[in-house]
Every structure is written in C-alpha cells, then in structure tokens.
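Where a number appears in this text, it was derived from the coordinates with a stated rule and is not lab data. Keep in mind it's a predicted model, so treat the numbers as computed, not measured. Cβ placement follows ideal geometry from the backbone for every residue including glycine, while neighbour counts extend to all protein chains displayed.
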Amino acid sequence: MKFLSIASLLTVGTVLFLFTTANSQSIKNTTMDTQSKAPVQPQGTVTKTEQEWKEQLTPAQFRIARKHGTEAPNDNVYKEFKQQGDGSYYCVCCGSHLFDSETKFDSGSGWPSFYKPANEKNIKTTDDFSAGLKRSEVLCNTCDAHLGHVFGGEGYNTPTDLRYCINGTVLTFVGETK
Ligand SMILES: [Zn+2]
C-alpha cells in the first residue's frame, strides 16, 4: 500500500514535471496585435470555452494567455513594443484596458515592462509556484488571461518600484491619434 502511494506520487510528479517543462518552452517569432480604435470595454467577466478561445486567438496568443505560456525574451514582439509611440494596451482576449504607454520603462529584461496598470481593478494577481520559485502571476481580471508576472523591490527608478513583466503577445496596442 505504502509502495503504491509512493509510486503514484512519483507518477504525478513526473507528469507535472513534463507538463512544466513542455509549458516552459518560450514561444518565438511573436507579434503584437495592433488596432486603430480602442476596443469596447467588457461589462462584467468574460468566459469562453477552450474551443472558442482557440478560434479567436492565434496559436501563440492561446498558449500564453490561456495556457500560461511565455514568449521568448527580446523577440519580435519586444522590438515592436520598444518602437511603439504613445498609446494604450488592451487584453487581446477580452479588450479590457490594461496598461498605458506612460508607465512603460526599459527594464532590460527583454519583456514589455510597466510600473503600474492602467486601472487596478482590471488586473488581478495570484501566487505562482511553478518554475521552482514563488512569483506573483498577473492575470486579466475580466477573462482570466495569463499576462505575465509582477516583481517588486528590484530598485528600478520608477514611481512604484514594481515591474509588471508582461507578454506583449497577449496585448492589443492602440496608438494615440494626434
Ligand atoms: Zn482579458
């Protein structure tokens, strides 16, 4: 009996390990969705089936937003992000307003970084113990999309000393029209 439970624990452990390893492979050749008009803001939570998300999103967007994936650092999407002018960033899944260009900063991490959300109530955080360390995961509060992680106290010269480390792949950028 004891042997069996250890064996089953090991099996669960192996499956979890394989899952984590498969999921931790970063996604390359990413791009950011860009629109000319701000999306209509969702009222209340947005819930869709896995199939509906698959139909709406690109494979990269789906893997990151719905399956907790990560884009490769310094990838195409990050180059786009660095070149973007003033504007706002929305959830690619539900259109919720997440970040503004005024709070962008260059963290040197290779991922889009913001020091605060556009609206605190559009974001939620949860403890994430994957990758063998405790991190604070950032999710869209409207549709539960995985956006990235938030780190604090790193000493960046920003008003909050917070770094919202966000996958650009799951954002929609709308530039400001001058
Ligand atoms: Zn969303």
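What list of ³J(HN,Hα) values in whole Hz, one per residue of the stretch 104-109 in order, does the Karplus curve 6.51 cos²θ - 1.76 cosθ + 1.60 (θ = phi - 60°) give from phi, with Gly and Pro shown as x?
3J(HN,Hα) across the stretch 104-109, in whole Hz: 6, 8, 8, 8, x, 7.
Taking Cα atoms, how many degrees apart are the long axis of helix 2-24 and the longest axis of the chain, rounded to 10 and kept between 0 and 90?
Here the helix axis deviates by roughly 20 degrees.
Applying a 10 Å radius around every beta-carbon, put 153-160, 32-39 in order of their mean neighbour count, most first.
Ranking the peptides 153-160, 32-39 by packing returns 32-39, 153-160.
Sort 89-99, 71-81, 123-133, 43-53 for me by packing, meaning the mean count of neighbouring Cβ atoms within 10 Å per residue, highest on top.
So the order, starting with the most tightly packed, is 89-99, 71-81, 123-133, 43-53.
Classify the chain: rounded, prolate or oblate, from the alpha-carbon gyration tensor (a ≥ b ≥ c, eigenvalue square roots; a/c under 1.5 rounded; otherwise prolate if a/b is larger than b/c)?
Prolate, because a/c is 1.5 or more and a/b exceeds b/c.
With a Förster radius of 30 Å, plug the Cβ-Cβ distance of GLU50 and SER109 into 1/(1 + (r/R0)^6) and report the FRET value to the nearest 0.05.
With R0 = 30 Å, the Cβ-Cβ based efficiency is 0.50.
Over the alpha-carbon set of the stretch 89-178, divide Rg by the Kirkwood Rh and report the Rg/Rh ratio to two decimals. Walk me through the intermediate numbers first.
Values: Rg = 12.7 Å, Rh = 13.3 Å.
Ratio value, two decimals: 0.95.
Kindly flag which residue pairs out of LYS82/LYS124; LYS48/LYS121; LYS37/LYS124; LYS48/LYS82; LYS79/LYS116; LYS28/LYS134 have an alpha-carbon separation exceeding 27 Å in this structure.
Pairs exceeding 27 Å: LYS48/LYS82.
How much net charge surrounds TRP53 when only the other residues with a Cβ under 14 Å from the Cβ of TRP53 are counted, with Lys and Arg +1 and Asp and Glu -1?
+1
When the helices in the chain are scored as -39500 (n - 2.57) per DSSP H run of 4 or longer and the sum is shared across all residues, what 222 nm value do you end up with, to the nearest 500 deg cm²/dmol?
Theoretical 222 nm ellipticity from helices: -7500 deg cm²/dmol.
Counting only residues 5 or more places away or on other chains, whose amide H sits under 5 Å from the amide H of THR172 once H atoms are built in the peptide plane?
Answer set, sorted by chain and number: TYR90, CYS91, VAL92.
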